[in-house]
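All of the numbers you see were taken from the coordinates with simple rules; none came from a lab. Predicted model only: the values in this text are computed from it and were never measured. Please note: Cβ atoms are built from the backbone with ideal geometry, for glycine as well, and neighbour counts cover all protein chains shown.
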Amino acid sequence: MSDQAFPPNFNPNPVATRDNSGLAITSLILGILSLTCFGLLSGIPAVICGSVAKTKIRNAQGSLGGSGMALAGIITGSIGTLISLAALVLFLVMPSLLIKAAPTKTKANNTETCLNNLVQIDAAKQEWALESKAGSSAIPTWNNIQVYLVHGQPSCPSGGTYTLNDLQAAPTCSIPGHKLE
């Protein structure tokens, strides 16, 4: 063996270096962006770039690296896409859920308004009875109590019909559940 001088920084055991796939890096960046702010806009390209990069890396037979980055891009892009799709579905479904909930609230408001009307009618009946000195079995008419109703004769918001009854009984509404207790 000869004593040859080796140049400085010479490594007798060279390590093969390989370049990382640009598509794998792109996939990872797009995947991270899909999780943070761009959702579908970067999630789908992240999955596509990652899949293409994985195929190119596999076909390069060891001369191209970045398989892990491509896989991470596919995973983060998929998660970002799924989150965006879930948010989109929720955004599209929410108005219909609110519309379905609205009639329940309206029904409750109608019942409350009707009960308030019945209280006003009963108060008008009692005022009429005091001023006209009517007996407890007297039955007032709408004309008798009209002057005691500030806003005129009320009507049930659900379409019910009010019955005045005698002075001992509270007025009633024909809608079930619209009843003074």
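Observations on the structure shown:
- Arranged from fewest to most other beta-carbon atoms within 10 Å of their beta carbon, Asp122, Asp19 become Asp19, Asp122.
- Average Cα contact separation per residue, the chain, under 8 Å, 6 or more apart, as relative contact order %: 17
- A simple spin-label model places the labels of Val119 and Arg58 7.4 nm from each other, with each point 7 Å out along Cα-to-Cβ.
- Note on Met94, Met69: ascending count of other Cβ atoms within 10 Å places them as Met94, Met69, the fewest first.
- Phi-based couplings in Hz for region 149-160 (Karplus 6.51, -1.76, 1.60; Gly and Pro marked x): 9, 4, 9, x, 5, x, 10, 5, x, 9, x, x
- Amide H partners (placed H, <5 Å) of Ile175, local residues excluded: Thr161
- Region 105-173: proportion of alpha-carbon pairs further apart than 16 angstrom, %: 44
- The mean of 1/r over all pairs of different alpha-carbon atoms in the chain, once inverted, gives a Kirkwood hydrodynamic radius of 23.6 Å.
- The charge dipole of the chain, taken about its Cα centre with unit charges on the Cβ atoms of Lys, Arg (+1), Asp and Glu (-1) only, comes to about 640 debye.
- Distance between region 44-88 and region 133-162 - C-alpha centres, whole angstrom: 75
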